[in-house]
Amino acid sequence: MDNYIVSARKYRPDNFESVVGQDSITKTLKNSIKTNQLAQAYLFCGPRGVGKTTCARIFAKTINCSNVTADFEACNECESCVAFNKLRSLNIHELDAASNNSVDDIRNLIDQVRIPPQLGSYSVYIIDEVHMLSSAAFNAFLKTLEEPPKHVVFILATTEKHKIIPTILSRCQIFDFNRIGVEVIRERLEFVAEKENISAEHDALQIIAQKADGAMRDALSIFDQIVSFSGKDITYQSTIKNLNVLDYEIYFNITNAFLSGDYSSALLIFDDVIKKGFEPSYFITGLASHFRDLLICKDPGTIDLLEVGKKIKEKYLEHAQLCSVAFLFKSIEIANKADLNYKTSQNKRLLIELALLSICNIDSKALSENSTASPQAQQAKPSTTVEQTKTAVDQETASEKPETIINATQQPEKAAEVKETPKEEETKEPNKNETTSTNLIVETPKQESSKEVSDKKATYTGISIKNLSESNNTKVEIDSSGEPKISYSHIGTDGFDDAKLKYVWEKYAESKRENPRLYSFLLAHLPEKNNENQYVIVVESNLIKEKLDAELNETLKFLKTELNNRDFELSYIIGETKQEKTFKSDQEKLEDMIKENPEVKKLRDQLNLDFE
Ligand SMILES: [Zn+2]
C-alpha cells in the first residue's frame with residue numbers, strides 16, 4: 001500500500017489505443033495522421049473527465065513523433081516523444097481559458113503562435129474551456145484561427161459546445177466526446193485493480209463506475225479513494241459505505257413494504273436511512289431511480305438501459321415481476337413530485353414520509369378503483385389509518401358491483417391511458433397476484449363490458465375511475481404542501497375556498513364536454529354560497545332547472561368527492577342570473593350593455609368605437 005500512486009495519473013492513457021470509451025474519435029484522429037490530413041483547428045466537445053485533454057495530448061505527441069508506429073501511434077522513444085512524456089515538450093501549449101480569458105491572454109498566445117517549433121513539426125495549442133473566453137478575446141483569436149501559420153494546430157476543448165460562437169465552430173473540425181458507459185468504466189477499473197494487485201468485487205466496481213457518471217477520470221479517483229480507505233480488498237459493502245451510497249437492498253426492502261401496503265415498515269426503513277446520515281432528498285431521488293430501473297426491467301426492449309452489476313440485475317428482474325407497470329408509473333410520479341417540492345417544503349421529512357405513504361397506498365387505491373361503488377359507505381366510516389382503509393376496500397372488493405363496470409365504460413379516455421403502457425406479462429396473468437396486479441382488474445371488465453352497458457352511459461355511475469385517480473393527484477398536491485392527509489378513499493369534511501370550488505366546478509363542466517351546450521352553461525354558472533356548505537346556482541328557466549335537477553345526484557357526488565367534503569350541498573333556483581357575464585367575449589358584453597341601455601349603441605356609433 002505504501003506509496004500508492006494516484007491511478008488517474010498513472011493510468012492516464014498515453015496512446016490512442018489506451019483511450020477508453022472514445023473509439024470512433026481515436027480512430028478518426030489516427031486516420032487523419034495516416035492520410036496526413038490534419039486540420040488546423042479541432043474542437044473537442046463533451047462532458048468533463050471523458051478524455052478530451054488526454055486525446056489532445058496524445059494527438060499532439062503523435063503528430064510530432066519522428067518515428068510513428070505502423071499503427072499510427074507515437075513511438076515513445078524519439079526525442080520529441082520523450083520530451084512529451086516528461087512533460088517538457090515545447091511543442092505543446094495549454095491554456096486554461098477559464099482562468100486566462102482576457103484579450104491580453106489571447107494576445108500573448110497569438111504572439112507565441114508565430115514562433116515555429118524547434119523540434120518536431122507542429123506546435124499544438126490546447127485551449128481548455130474555450131467557451132469561457134471573453135467576447136473580446138474571442139474576436140482577437142478569430143483572425144489567428146482563420147489563418148494560422150502552417151506549423152500550428154489548435155485544439156479547443158469545451159464542456160459547453162452551445163456557447164461556442166458559429167464563426168469558431170465553422171473553422172473547426174468538431175469531435176463530440178461521449179460520456180463513457182458504466183460497463184466500459186467498470187472494465188477499465190477491473191484492469192487497473194488487476195495491475196495494482198487489488199481484489200475488488202464486481203458490484204463494488206460497478207458502483208464506482210456508476211458514481212463516476214461517465215467520467216473515467218472521476219472513476220479512477222473514486223477508485224483511489226476506496227483503495228486508501230479499505231486497502232487491497234474492495235468489497236461492495238465498504239464501497240457503498242465509503243461513497244455514502246444507499247444500498248440497493250434498502251430500496252428493494254422498501255419496495256416490498258410498498259407492495260404489501262406495510263406503511264410502518266416503509267417509515268422505519270426511511271428512518272433508518274436518515275439515521276445513517278443520508279439526506280431525505282437523496283433517498284427520494286434514489287427511490288425514483290429505483291422505480292425507473294424496475295420499470296425498465298418490465299420491457300425486454302429497454303432492459304439494456306439498466307446499468308447495474310450482474311447480481312443486482314438479477315434481483316431487479318426478479319423484483320420487476322412483482323410490480324405492475326401502473327404501480328411503477330404512479331410511484332415514479334409520486335417520488336418525483338416529492339423531489340420537486342423538496343426545496344420549498346417546510347417539513348422535509350414529513351414531505352418524504354407522505355410520499356412513502358402515498359406509494360404504500362397505491363395498491364389499495366387500485367383496489368378501490370375497482371370498487372368505487374359506494375362512496376357513502378366509505379363516507380360513513382372515515383378510516384383514520386391506512387390499514388383500516390385497506391380493510392374497508394378489501395371488503396368492498398369482495399362483492400363485485402355492476403356499477404363498477406359502468407364506471408369503467410364511462411371513462412374511455414382513462415382506459416386508453418392505462419392500456420397504452422406496454423405490459424404483456426400482466427395481461428396474461430391479471431389475477432395471479434392479488435396484491436400487485438390489482439389495477440388490471442379495473443382494466444379487464446372495461447373491455448368486456450363496454451358494449452353491453454354503453455346504453456346506460458347516461459345514467460349516474462358513482463365515482464368514476466377518472467375522478468378517483470384525479471383526486472389521487474389532488475392528494476399528492478396536498479401532500480406536498482405539507483398538510484398531513486393520509487387516507488382519501490372516503491369523503492371527508494374538508495374546507496374549501498372559492499378558488500377550489502371554481503376549479504372543481506370547471507372540472508365537472510369539463511366532464512360534460514360532449515354536450516357543448518351544457519358545458520358552456522356550467523362554465524357560465526358558478527355555484528354561489530347561500531349558507532355554510534349550501535350552494536345555489538341561479539338558472540333562467542324551469543326547463544333548465546329540471547334538466548339540471550335530473551343530474552343533481554351525479555353532480556353532487558362529483559363535487560363532494562372532488563372537494564372531499566361530504567357536507568357540500570347544491571341546489572338550482574330560478575331567478576335572474578348574475579354570473580352570466582363571466583365567460584362572455586367583449587363583443588357579447590357590449591351586446592348585453594346595448595340591450596340594457598340602447599344609448600350605448602348610439603355612443604358607440606357616434607364615436608366610431610370598435611374592438612381592436
Ligand atoms: Zn516518437
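The values are calculated or read from the model by the stated rules, or taken from the named source; none is laboratory data. Predicted, not measured: the structure shown is a model, and the values here were computed from it. Every residue, glycine as well, gets a Cβ built from its backbone with ideal geometry; the counts of neighbours run over all protein chains shown. Please note that ligands, DNA and RNA were not included when accessible areas were found on the heavy atoms of the full protein model with its side chains. Shrake-Rupley method; radii C 1.70, N 1.55, O 1.52, S 1.80 Å.
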Problem - Selection status of Phe252, open to solvent by less than 30 Å² (accessible area, probe 1.4 Å), within 30 Å of Ala266 (Cβ to Cβ), within 30 Å of the chain's Cα centre (by Cα) and among the hydrophobic types (A, V, I, L, M, F, W, C) - result: yes
Fill in the blank from the handout: Checked the stretch 144-173 for anything part of a helix (DSSP H, G or I) and farther than 24 Å from Leu90 by Cβ; matches are Glu146, Lys161, His162, Lys163, Pro166, Thr167, Ile168, Leu169
Handout entry: Residue pairs meeting the criteria (Cβ under 6 Å; at least 6 apart or on separate chains; first over 21 Å from Phe44 (Cβ atoms) and assigned by TED's automatic domain parsing to the domain that holds Phe154, in the stretch 127-140; second open to solvent by less than 30 Å² (accessible area, probe 1.4 Å) and at pLDDT 85 or above)
Key = Ala140/Ile106
Handout entry: Leading residue by the ranking (most open to solvent (accessible area, probe 1.4 Å)) among those in the stretch 20-49 that are within 16 Å of Ala212 (Cβ to Cβ) and not small (Gly, Ala, Ser)
Key = Arg48
Completion exercise
Taking the stretch 111-132 and keeping only residues that are crowded, with 16+ Cβ neighbours inside 10 Å and among the hydrophobic types (A, V, I, L, M, F, W, C), one is left with Val113, Val124, Ile126, Ile127, Val130, Met132
Exercise for the section: Within the stretch 50-64, track down each residue that is open to solvent by less than 10 Å² (accessible area, probe 1.4 Å), touching a residue at least 60 places away in the same chain (Cβ under 8 Å) and within 11 Å of the ligand (Cβ to nearest atom). Expected result: Asn64
Practice task
Go through the stretch 247-277 and give me each residue that's touching a Lys or Arg at 6+ places or on another chain (Cβ under 8 Å) and assigned to a loop (DSSP other than H, G, I, E, B).
Solution key: Gly261
Practice task
May I ask you to say which residue of Ile174, Ile165, Ile155 is touching a strand residue (DSSP E or B) at 6+ places or on another chain (Cβ under 8 Å), β-branched (Val, Ile, Thr), surrounded by fewer than 20 Cβ atoms within 10 Å (Cβ to Cβ) and touching a residue at least 12 places away in the same chain (Cβ under 8 Å)?
Solution key: Ile174
Exercise for the section: Pairs only if they're at least six apart or on different chains, beta carbon under 7 angstrom, first in the stretch 179-197 and farther than 12 Å from Asp218 by Cα, second of a type in the set (Phe, Trp, Tyr) and not in a helix (DSSP H, G or I); list them, first residue then second. Expected result: Val192/Tyr11
Practice task
Could you tell me whether any residue of the stretch 96-117 is at pLDDT below 90, over 23 Å from Ile165 (Cβ atoms), within 16 Å of the ligand (Cβ to nearest atom) and in a loop (DSSP other than H, G, I, E, B)?
Solution key: yes
Handout entry: the stretch 65-86, residues that are open to solvent by less than 50 Å² (accessible area, probe 1.4 Å), under 47 Å from the mean Cα position of the chain (by Cα) and more than 6 Å from the ligand (Cβ to nearest atom)
Key = Glu73, Phe84
Completion exercise
Picking from Glu477, Glu551, Glu514, the residue that is surrounded by fewer than 16 Cβ atoms within 10 Å (Cβ to Cβ) and at pLDDT 80 or above would be Glu551
Handout entry: Boolean, Ala41 is in contact with a Lys or Arg (Cβ under 8 Å, 6 or more places away or on another chain), within 14 Å of the ligand (Cβ to nearest atom) and among the aliphatic types (A, V, I, L, M)
Key = no
Exercise for the section: Go through the stretch 518-577 and give me each residue that's in a loop (DSSP other than H, G, I, E, B) and of a type in the set (Lys, Arg). Expected result: Arg566
Fill in the blank from the handout: Taking the stretch 294-311 and keeping only residues that are open to solvent by 20 Å² or more (accessible area, probe 1.4 Å) and either part of a helix (DSSP H, G or I) or in contact with a Leu (Cβ under 7 Å, 6 or more places away or on another chain) (or both), one is left with Leu295, Ile303, Asp304, Leu305, Lys310, Lys311
Practice task
List the number of the failed condition for Lys502; all other conditions in (1) modelled with pLDDT of 80 or more; (2) under 30 Å from Glu353 (Cα atoms) hold.
Solution key: (2)
Practice task
State whether one or more residues within the stretch 220-231 are touching a residue at least 24 places away in the same chain (Cβ under 8 Å) and in contact with a Cys (Cβ under 7 Å, 6 or more places away or on another chain).
Solution key: no
Handout entry: Selected residue (only one of Ala209, Ala193 is part of a helix (DSSP H, G or I), in contact with an Asp or Glu (Cβ under 9 Å, 6 or more places away or on another chain) and either modelled with pLDDT of 90 or more or not aromatic (Phe, Trp, Tyr) (or both))
Key = Ala209
Handout entry: Filtered residue count, the stretch 490-509, keeping only those that are surrounded by fewer than 16 Cβ atoms within 10 Å (Cβ to Cβ) and among the β-branched types (Val, Ile, Thr)
Key = 1
